[in-house]
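I have placed the structure first, in the form of structure tokens, so that the comments after it can refer back to it.
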Amino acid sequence: MTTKDRLRLFSKQMGYGRNKFEEYVEIASGYLSSRSNSVTSDTIEKVIRKFPDLSLEWLLTGQGKMLRSEPSEATQRIYPLKPYIDSTYAVCGLPKGFSVAVKETDCTTLSLPFMKEYDFSIQAKGDSMLNRKDPRKSIREGDIVVCRIWKSRSHIRWGETYALSTAEGIVIKKIVPAETDGYVRCVSFNTEDGYMPYELPLTEINDWAIVVGVVSVTSWT
């Protein structure tokens, strides 16, 4: 395995697509995809500057661990650890369910580069939010959905995508006004496969979180 191979592996392990990694580190677009295995000292310097917890010894030689044992303050500022809710049942059927779940002491955590202003992340299920017209907005099966708890009940950002905690599970939909008072209209991106809009009573929504980002698991395909 070459230094560039390890660089590709590191960026993948950290949840980056290649384009996002190159943009964040400020190296040339297509650098990781190029056939050349050479890595310049300037590139290594840029990577270590952005990721001070990456082991230089591992990157250059493959010896030791990929990351240092203790995260540095600089690393924590770049991509802090935030709660990852890996079980939808942890937040279903409870008022303020998301807030309860992220306070659990045994909650799994993830660090998601580029994502700082958020409260937790979850994994998407199903393909109802697949957006063939605008793939950049797609939420695919297995994608990591990054959310910020939405505390206001009097102000809803219509047309935005929310994660809603309900007794039946977590619903991720674009939210628009409903024709019926006391309801919201839940809209799927994937209408081609028969996912139709529907109205959901506000009383059945136990907690709200607005989707502020998506880390796609298909970035490397």
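Values as computed for the structure displayed
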| read-out | value |
| --- | --- |
| Extension gain (nm, one decimal) between Glu141 and Leu67, 0.36 nm per residue minus Cα-Cα | 23.8 nm |
| Net charge contributed by nearby residues that have their C-beta within less than 9 Å of Leu32 (K/R +1, D/E -1) | +2 |
| Pair Leu202, Leu56: separation of 7 Å Cα→Cβ label points (nm) | 5.8 nm |
| Protection-proxy order for peptides 159-165, 60-66, each taking the mean of Cβ atoms within 10 Å per residue, highest first | 159-165, 60-66 |
| Lys, Arg +1 and Asp, Glu -1 on Cβ, resulting dipole of segment 130-184 about Cα centre, debye, nearest 20 | 300 debye |
| Mean Cβ count within 10 Å, highest first, over the residues of peptides 3-13, 148-158 | 3-13, 148-158 |
| Cα gyration tensor category, rounded, prolate or oblate, for segment 95-206 with a/c compared to 1.5 | oblate |
| Ranking by accessible area, most exposed first, for Leu130, Leu67 with a 1.4 Å probe | Leu67, Leu130 |
| Solvent-accessible surface (1.4 angstrom probe) belonging to Met1, in square angstrom, nearest 10 | 150 Å² |
| Accessible area (Å², 1.4 Å probe, nearest 10) - Lys20 | 100 Å² |
| Magnitude of the charge dipole, segment 93-188, Cβ model with Lys/Arg +1 and Asp/Glu -1, debye to 20 | 320 debye |
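The values are calculated or read from the model by the stated rules, or taken from the named source; none is laboratory data. As the structure is a computational prediction, the values presented were derived from the model and not from experiment. Neighbour counts run over all protein chains shown; Cβ positions are idealised from the backbone, glycine included. The protein model used for the area step is the full one, side chains on, heavy atoms only, and it has no ligands, DNA or RNA in it. Shrake-Rupley method; radii C 1.70, N 1.55, O 1.52, S 1.80 Å.
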